[in-house]
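The values are calculated or read from the model by the stated rules, or taken from the named source; none is laboratory data. Since the structure is predicted, the reported quantities are computational estimates derived from the model, not experimental observations. When we count neighbours, we look across all protein chains shown, and the Cβ atoms used for this are built from the backbone with ideal geometry, even at glycine.
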Amino acid sequence: MEVASKKSNDKKTNNRYLLLGTSAAAILTEMTMFGHPLESIKIIRQATDKPYKKIVNDLVKESKINGFKTFYKGYYPWAMIQSMKGIPVLYTQSFVSDNLYKHIKNEKAVGMIGGLCGGIAQGFFQTPLQRLKTEAMTMNNNNNFNSTHLLKKIINKNGITGLYKGLAPMTLKKGLDWGVRFYGIETFKNKYPEFYQTTPGKFAAGLCGGLLSLTTLPFDVMVAKIQRSGSKLDVKQIINLMKQDGFKGFFKGGTMRAVHSSYHTAIVLSCGNLYKEILEDKFFN
């Protein structure tokens, strides 16, 4: 029995590279299945301070003119490309965790450090795409939205560095974000080890981990305000603006963040591993 278990673990470790593709496929699944509209509402709320009711009413009003694509503004091509942000997370987390287990026996600590590394890697990859997506969602003349024009506009005005506006808070946010998510996932895994081995178990663990990511919401708000269309504010100015609104200024978009992060983490964790298992069963048996 132990030999069979060891072979199974070896296979999963040897085939870790599959996570480079299956994680991206899982994120694309999540964004297509309502993840993008949920994130759009959250970003608009954080960047513009509009109440949820007005945001939804504006989107519905615009959809009567432009159709269902209103809810997927910025989805093509930037969000679709951004699905590649899943590439570094599960792979890096798995790689770092496996190596840390040789030195650290605390599974929660190992999971959190692995998630931290995966999140930082994702932050570098995601910043320019998030910048383009946020610009598309918050620009005033978004009825005339054109992806190529938007990219040229940012590069002509600020150069390549304009795409990396908000890099510092983004990488810090992503590192802490996935660190606490995997802490929650490892806590769930330790409490329900057998259930976690199933796809529904991983989905449930993802929901728990996603909820914990609310602790990094201030960084999320900061990135949205820095990257919004027309913003010329730096990090210090953004923090001062957030302070003016008191505690709630640091946690705007919290409701939608709770819904979206839980859903996002659950889909990425469950589908990323499920897709990997399907490929393993088909090609590596």
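Points to keep in mind about this one:
- Going through (1) modelled with pLDDT of 90 or more; (2) within 17 Å of GLY111 (Cα to Cα) one by one, CYS271 falls short only on (2).
- Subset tally (residues that are of a type in the set (Lys, Arg) and surrounded by 14 or more Cβ atoms within 10 Å (Cβ to Cβ)) for segment 30-82: 4
- Each residue in segment 133-159 was checked for being in a helix (DSSP H, G or I), modelled with pLDDT under 70 and surrounded by fewer than 16 Cβ atoms within 10 Å (Cβ to Cβ), and 3 of them qualify.
- Filter pass, MET112 being at pLDDT 80 or above and either in contact with a helix residue (DSSP H, G or I) (Cβ under 9 Å, 6 or more places away or on another chain) or part of a helix (DSSP H, G or I) (or both): yes
- Verdict on ASN285 being closer than 30 Å to LEU18 by Cβ and either at pLDDT below 75 or not charged (D, E, K, R) (or both): yes
- Residue match in segment 177-191 (condition: small (Gly, Ala, Ser), assigned to a helix (DSSP H, G or I) and closer than 21 Å to SER270 by Cβ): yes
- ALA224 small (Gly, Ala, Ser) and closer than 15 Å to GLN46 by Cβ: yes
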